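We did not get these values from a lab; they are worked out from the coordinates using the rules stated. Predicted model, so just to flag it, every value in this text is computed and none were measured. Positions of Cβ are generated from backbone atoms using ideal geometry, with glycine treated the same way; all protein chains shown enter the neighbour counts.
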Amino acid sequence: MSNLATRTITGIVLVALVIAATVTDQHLFALLFLIFTMVGLWEFYTLVEKAGILPNKTAGIFAGMVLFATNAMVAMNMMNIEWLLINFVCIFLIFLLELYRNNPNPFTNIAFTFFGLLYVAVPFSLLNYFPNPAFIPGVYHSSLLLGFFFLVWVNETGAFLIGSVIGRHSLFERVSPKKTWEGAIGGGILGLVSAWVIAMHYTHISLRDWLVVALMVFVFGTYGDLFASMFKRSVGIKDYGSILPGHGGVIDRFDGVIMAAPFVFVYLLMMY
């Protein structure tokens, strides 16, 4: 089977899984992305190890699970917001645990353990708030979350296909030679058109707001892809992992989501 066919099949299955979890139940969505958070952290810490750095994998993944789970339960009104303070305990436990590891460069190890949390666990945790940015008990607008995912997928797929066909000018050659301005702009235009279509069906926010979200996805989703490529290139690997045939790892597939999610979250929060 060709790489394109493998990539397409894996993409369809993954998209169907995310859509099914998002539409069916907020708890199911949280469970799915808790798994993605754990796998993504493992991938990130494994990549960092290739650069000769020794993050605390176990503590980092545990802290990421707690961070995601507490935010998910707060978002679902299952616990009060004060419970988020437990994450400070996890942070300082990472400091304490480094004392007993007896590894060189403890400052670097701790910094990259925290960096994994900031890069992977925080953006995935924020997704839990998208369906209810106003924190209204019992409210779950899956359309806000689905619309965001659709825009990311359209932007990424459009950039890949258009860039493959007419791409001539490198977007950021030092980091990712195959990405082109033609592909990026084409993906952005398709995203804006998709936002207009989405706004006709998902009316919880206005057309203007969907266009703003699409623009954020275009800009920061593209930067997310470049940032992930920069990290991989720095240690000489092609993908973060191999759990998703044709796509690589969880971070490879969700790099755009990871970078765009915090910006869209802040916009939704301010809008509501």
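Within the stretch 132-176, whose backbone N sits under 17 Å from a point 7 Å along Cα→Cβ of MET200? Taking a point 7 Å out along Cα→Cβ of MET200, the residues of the stretch 132-176 whose backbone N falls under 17 Å are 147, 151. About its Cα centre, the dipole of the stretch 3-271 is roughly 520 debye, where the only charges are +1 on Lys and Arg Cβ and -1 on Asp and Glu Cβ.
Taking every Cα-Cα distance in the stretch 168-230 and sorting them into 5 Å bins starting at zero, the pair-distance distribution P(r) comes out as 4, 19, 23, 20, 14, 10, 7, 3, 0 percent. Need the C-alpha centroid separation for the stretch 88-160 versus the stretch 198-272, integer Å. Cα centroid of the stretch 88-160 versus Cα centroid of the stretch 198-272: 12 Å apart.
Debye-formula intensities of the stretch 130-236, expressed as log10 I(q)/I(0) at q = 0.22 Å⁻¹, are -1.06 (one equal scatterer per alpha-carbon, no solvent).
Per DSSP helix of 4 or more residues, -39500 (n - 2.57); summed, then divided by the residues of the chain. What does that give at 222 nm, rounded to the nearest 500? Intermediate values should be presented prior to the final figure.
On the way: 10 runs with 193 residues, N = 272.
-24500 deg cm²/dmol, from helical runs alone.
Over the Cα atoms of the stretch 12-65, the radius of gyration divided by the Kirkwood radius equals 1.13; this is the Rg/Rh ratio. Determine which residues of the stretch 185-219 fall in the zone a paramagnetic label at ILE19 would reach in this model, i.e. backbone nitrogen under 14 Å from the point 7 Å along Cα→Cβ. Once the point is set 7 Å along Cα→Cβ of ILE19, 198 turn out to lie under 14 Å by backbone N, inside the stretch 185-219.
Students often forget the sequence filter, so: which aspartates and glutamates lie under 20 Å Cα-Cα from LYS238 once same-chain residues fewer than 8 apart are removed? The reachable aspartates and glutamates, counting only those whose Cα sits under 20 Å from LYS238, are GLU43, GLU49, GLU156, GLU173, ASP225, ASP252, ASP255.
Using C-alpha pairs under 8 Å with a sequence gap of at least 6, the mean separation divided by the residue count of the stretch 3-271 gives a relative contact order of 21 percent.
Counting Cα-Cα pairs of the stretch 3-271 in 10 Å increments starting at 0 gives whole-percent bin shares of 7, 28, 35, 22, 7, 1.
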